[in-house]
Amino acid sequence: MDTVKLVYEIDGDNFSAAGEASTAVKRVLKKLKLPSAIVRRAVICMYEGEINMVIHADGGRAYVDVDEEKIVIRLEDRGPGIPDIGKAMQEGWSTASAEARNSGFGAGMGLPNMKRNSDNMKIETELGVGTTVTMTILFGGEAS
Amino acid sequence: MKNSLILNTDRCTGCTVCVKACPTEAIRVTRSKAVIYNARCIDCGRCVSVCPHHAYSVRSDSLDRLEQYKYNIVIPDTSFYGQYKNLYDLNIVNEGLLALGFDDVYPAAIGAELLADLWKKDGSTIFEEDLIRVTSECPAVVRLVAMEFQDLIPNVVDSLCAFEVTAVLARQEAVKKTGLPPEEIGIGLISPCPAKNSRVYEPIGLESRVVDYALPMNDIYIKLLSPMKAVTDPADRVRAGKLGLSWGRSGGLSDMFPDRDVLAVDGAENVLRILSEIEDEKLTEAELVETALCTQGCFGGCLTVENPFTAKLHMRRLILGLPEQNLEITDPIRDRIPWDYELEEIDTEIADSIAQALQLEAAAERLYKTLPKFDCGNCGAPSCRAFSRDVSEGFAEENDCIFNIIKIMRNGMSHEDEKDELVPPPFRRPL
Ligand SMILES: Nc1ncnc2c1ncn2[C@@H]1O[C@H](COP(=O)(O)OP(=O)(O)OP(=O)(O)O)[C@@H](O)[C@H]1O
Ligand code: SF4
Ligand SMILES: [Mg+2]
């Protein structure tokens, strides 16, 4: 089974470039004959995750693997880590800087949005070491 | 669907300027000549505008077509009036057109004003709750949506183009006036672009053609120069007011709804970006997006003569003394004109299953990683990315890339000095 493997370096703190990787992912996904709802969900997951790496973790790396059954998005950073995942997952909870807020980020909606749009989301995080968020979108999945 | 671009291969040198300018990457150069891939072409005419050798022309008609009809009506696209310097009255253009052999002139602004009036009176004909509407006046944008943003098909405002509404009305009025059967009346559009020509030849959502021929704006522009000089006391044939005449420039619609969130977006790159944002639900603040593929709307069409900014200025002057609005949609007009159309998807993907699409894309990705990402265009494709895809789809070969050829050349040499001599400076060893 063929797998399309994509890798993107995400710059930290460059708000105007934030979103470039998700745009690139979208361009590839649109070529894959996937149902448009799947593409949209994957792009939302990728975008929110990418932005989080930019504004909270000084950038990182995104891996996107697509095969006939699923899209797996893995976002790895070496940022500060998330002290309380339960809180971070709450809608409206945010530690975004004033600068990030001025750029329109920081509503505390990113992680809940990623959760909602993926069939499976796993966060591995260690304070001072970094965070890895892995999201799976199944082509036969149920997520809204 | 056919497109309206014609390449004169004698003039084409294979320089790849159009390949790079095409917003949908529909052109490749092979064997020293450009080739347009019809299925990917939206007829915007960028290639016509940028070609340094003037190798492209636009499928269109000539004034000879008038002879086929007993009565001829011309529809000048609104942008046409902006082309002339030192013009102080729109009707000088209209009167000049009569001298060219037309029996009547119906500016496209008539249809525009009727559409505008309909939308103003009944917002539900254009706005829809929880849906960002995208205007459909530019046929190139409509085609782009059908081809690349199929999810947004419901967002496209389902109305005819202003020139089509004008044509339907003009024919009905001419039948009444002349007693001729409709088919003996010829209607021609003075068109700014291949997209509108294609729309004339193959309308969407209409059972048959409503405009009989398309005349290139730049051609009529010249032919009209001397008849216009002879005009003394022109009759009024504009019929529309400022409302209808402010279409054609980007932003015309936005001004019409000052209390709604309307965005005006023009230029291919900007349109692509905004459609993408609507698709990703990143754009949330607009109710209606007015779109035109050309910079400054139809004033930037490839068949125009004047630069779009100056043309806009001319237009501003020309409408100064006109009433805000002259035409109103009445029930009989509304009933006589077919307003709605269905937009169909255009499928450009060659893969027919996810498995095959994955295989093509995986192969393209693998090749892409090895390419220099210079987007130099020597392979005849617009970018390394597009080239990788061409190779995976079987339209090109890996060694069509000049860098791969250089690699092969280097490998064939035994001495490093020899290799360095053979290849261009960027590929030589560092000192
Ligand atoms: N990669 C990460 N590294 C460190 N902290 C993170 C990371 N991703 C999220 N967080 C923390 O979790 C919080 C919630 O994230 P979430 O994406 O839900 O909201 P936000 O980024 O603050 O705002 P929004 O996504 O609405 O712009 C963030 O404010 C931040 O404290
Ligand atoms: S903006 Fe106007 S001139 Fe340009 S492609 Fe669209 S319809 Fe034609
Ligand atoms: Mg976030």
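Filter the range B:266-288 down to residues that are at positive phi and within 11 Å of chain A (Cβ to nearest Cβ), then give me how many there are.
1
With the requirement that a residue be of a type outside the set (Asp, Glu) and free of Cβ contacts under 8 Å to residues at least 60 places away in the same chain, what does the range B:48-74 give you?
B:Val50, B:Cys51, B:Pro52, B:His53, B:His54, B:Ala55, B:Tyr56, B:Ser57 - these are the residues of the range B:48-74 that are of a type outside the set (Asp, Glu) and free of Cβ contacts under 8 Å to residues at least 60 places away in the same chain.
Being touching a Leu at 6+ places or on another chain (Cβ under 7 Å), among the β-branched types (Val, Ile, Thr) and over 22 Å from B:Ile222 (Cα atoms) is the requirement here; does B:Val156 meet it? First the steps, then the outcome.
Values: touching a Leu at 6+ places or on another chain (Cβ under 7 Å): yes; among the β-branched types (Val, Ile, Thr): yes; over 22 Å from B:Ile222 (Cα atoms): yes.
When the stated conditions are applied, B:Val156 passes them.
Of the numbered conditions (1) free of Cβ contacts under 8 Å to residues at least 12 places away in the same chain; (2) out of contact with any helix residue (DSSP H, G or I) (no Cβ under 7 Å at 6 or more places or on another chain), B:Pro216 fails exactly one; give the number of that condition.
(1)
Can you name the helices (runs of 4 or more DSSP H) wholly within the range B:187-270 that have at least 1 residues being more than 19 Å from the chain's Cα centre (by Cα)?
The helices (runs of 4 or more DSSP H) meeting that bar are B:217-230, B:242-245, B:252-256.
Against the definition (touching a residue at least 12 places away in the same chain (Cβ under 8 Å), surrounded by 18 or more Cβ atoms within 10 Å (Cβ to Cβ), over 24 Å from the mean Cα position of the chain (by Cα) and in a loop (DSSP other than H, G, I, E, B)), how does B:Leu303 come out, yes or no?
Taking the combined requirement at face value, the residue does not satisfy it.
State whether the residues of the range A:70-82 include one that is more than 16 Å from ligand 2 (Cβ to nearest atom) and loosely packed, with under 15 Cβ neighbours inside 10 Å.
Checked the range A:70-82: no residue is more than 16 Å from ligand 2 (Cβ to nearest atom) and loosely packed, with under 15 Cβ neighbours inside 10 Å.
To keep it simple, each residue is scored yes or no on (1) crowded, with 23+ Cβ neighbours inside 10 Å; (2) within 11 Å of another protein chain (Cβ to nearest Cβ).
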site	(1), (2)
A:Asp2	no, yes
A:Lys5	no, yes
A:Ser16	no, no
A:Gly19	no, yes
A:Thr23	no, yes
A:Leu29	yes, yes
A:Leu34	no, yes
A:Arg40	no, yes
A:Cys45	yes, no
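Select from the range B:260-278 the residues that are free of Cβ contacts under 8 Å to residues at least 40 places away in the same chain and in contact with a strand residue (DSSP E or B) (Cβ under 7 Å, 6 or more places away or on another chain) and list them in ascending order.
Answer for the range B:260-278, where residues must be free of Cβ contacts under 8 Å to residues at least 40 places away in the same chain and in contact with a strand residue (DSSP E or B) (Cβ under 7 Å, 6 or more places away or on another chain): B:Val262, B:Leu263, B:Ala264, B:Val265, B:Asp266, B:Ile274.
For every residue, the table says whether it meets (1) within 16 Å of ligand 2 (Cβ to nearest atom); (2) touching a strand residue (DSSP E or B) at 6+ places or on another chain (Cβ under 8 Å); (3) farther than 30 Å from B:Asp347 by Cα.
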| residue | (1), (2), (3) |
| --- | --- |
| B:Asp61 | no, yes, no |
| B:Asn72 | no, yes, yes |
| B:Ala108 | yes, yes, yes |
| B:Gly123 | no, no, yes |
| B:Ser136 | yes, yes, no |
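Before we move on, is A:Glu9 away from chain B (no Cβ under 11 Å) and either surrounded by 17 or more Cβ atoms within 10 Å (Cβ to Cβ) or not in a strand (DSSP E or B) (or both)? Break it down stepwise before answering.
Details: away from chain B (no Cβ under 11 Å): yes; either surrounded by 17 or more Cβ atoms within 10 Å (Cβ to Cβ) or not in a strand (DSSP E or B) (or both): no.
So A:Glu9 fails the test.
Here are the criteria: (1) within 11 Å of chain A (Cβ to nearest Cβ); (2) surrounded by fewer than 15 Cβ atoms within 10 Å (Cβ to Cβ). Tell me which single one B:Asp331 does not satisfy.
So the condition that B:Asp331 fails would be (1).
Among (1) surrounded by fewer than 19 Cβ atoms within 10 Å (Cβ to Cβ); (2) on the phi < 0 side of the Ramachandran plot, where does A:Asp58 come up short?
Among (1) surrounded by fewer than 19 Cβ atoms within 10 Å (Cβ to Cβ); (2) on the phi < 0 side of the Ramachandran plot, A:Asp58 violates only (2).
Which pairs have Cβ atoms under 9 Å, sit 6 or more apart or on different chains, and link a residue in the range B:1-20 that is within 14 Å of B:Val35 (Cβ to Cβ) and small (Gly, Ala, Ser) to one that is outside any loop (DSSP other than H, G, I, E, B) and modelled with pLDDT of 95 or more?
Matching pairs, first to second residue: B:Gly14/B:Val29; B:Gly14/B:Lys33; B:Gly14/B:Ala34.
Tell me the strands (runs of 3 or more DSSP E) entirely within the range B:21-116 that contain at least 2 residues that are surrounded by fewer than 21 Cβ atoms within 10 Å (Cβ to Cβ). Show your work before the answer.
Values: elements: B:27-30, B:33-36, B:56-58, B:71-76.
Fully inside the range B:21-116 and qualifying: B:33-36.
Here are some residues: B:Pro234, B:Pro194. Which one is at pLDDT below 95 and assigned by TED's automatic domain parsing to the domain that holds B:Leu320?
Criteria check complete, one pass: B:Pro234.
Quick one: count up the residues across the range B:343-359 that are facing another protein chain (nearest Cβ under 8 Å) and aliphatic (A, V, I, L, M).
Of the residues in the range B:343-359, 5 are facing another protein chain (nearest Cβ under 8 Å) and aliphatic (A, V, I, L, M).
Would you mind finding the one in B:Val157, B:Val175, B:Val200 that is of a type in the set (A, V, I, L, M), in contact with a strand residue (DSSP E or B) (Cβ under 8 Å, 6 or more places away or on another chain) and free of Cβ contacts under 8 Å to residues at least 12 places away in the same chain?
Checking each option against the conditions leaves just B:Val175.
Working only within the range B:359-410, note down all residues that are of a type in the set (S, T, N, Q) and surrounded by fewer than 19 Cβ atoms within 10 Å (Cβ to Cβ). Show your work before the answer.
Initially, the range B:359-410 is screened for residues of a type in the set (S, T, N, Q), giving B:359, B:370, B:378, B:383, B:388, B:392, B:399, B:404.
Matches in the range B:359-410: B:Gln359, B:Thr370, B:Asn378, B:Asn399, B:Asn404.
So in the range B:271-294, with the set limited to residues that are in contact with a Phe, Trp or Tyr (Cβ under 7 Å, 6 or more places away or on another chain) and assigned to a helix (DSSP H, G or I), which one is nearest to ligand 1 (Cβ to nearest atom)?
So the residue we want is B:Glu279.
On the given criteria, is A:Met89 away from ligand 2 (no atom under 16 Å from the Cβ), within 14 Å of chain B (Cβ to nearest Cβ), touching a helix residue (DSSP H, G or I) at 6+ places or on another chain (Cβ under 6 Å) and of a type in the set (A, V, I, L, M, F, W, C)?
no
Inside the range A:92-112, can you point out the residues that are surrounded by 13 or more Cβ atoms within 10 Å (Cβ to Cβ) and more than 7 Å from ligand 1 (Cβ to nearest atom)?
If the condition is that a residue be surrounded by 13 or more Cβ atoms within 10 Å (Cβ to Cβ) and more than 7 Å from ligand 1 (Cβ to nearest atom), then A:Ser97, A:Ala100, A:Arg101, A:Ser103 are the ones that fit.
Residues to consider are A:Ile44, A:Ile38, A:Ile85; find the one that is within 19 Å of A:Ala17 (Cα to Cα), of a type in the set (Val, Ile, Thr) and more than 8 Å from ligand 1 (Cβ to nearest atom).
Numbers: A:Ile38 fails: within 19 Å of A:Ala17 (Cα to Cα); A:Ile85 fails: within 19 Å of A:Ala17 (Cα to Cα).
Among A:Ile44, A:Ile38, A:Ile85, only A:Ile44 is within 19 Å of A:Ala17 (Cα to Cα), of a type in the set (Val, Ile, Thr) and more than 8 Å from ligand 1 (Cβ to nearest atom).
The values are calculated or read from the model by the stated rules, or taken from the named source; none is laboratory data. Because the structure is a prediction, the values reported are computed rather than measured. Reconstructed Cβ throughout: ideal geometry from the backbone, glycine too, with neighbour counts over all protein chains shown.
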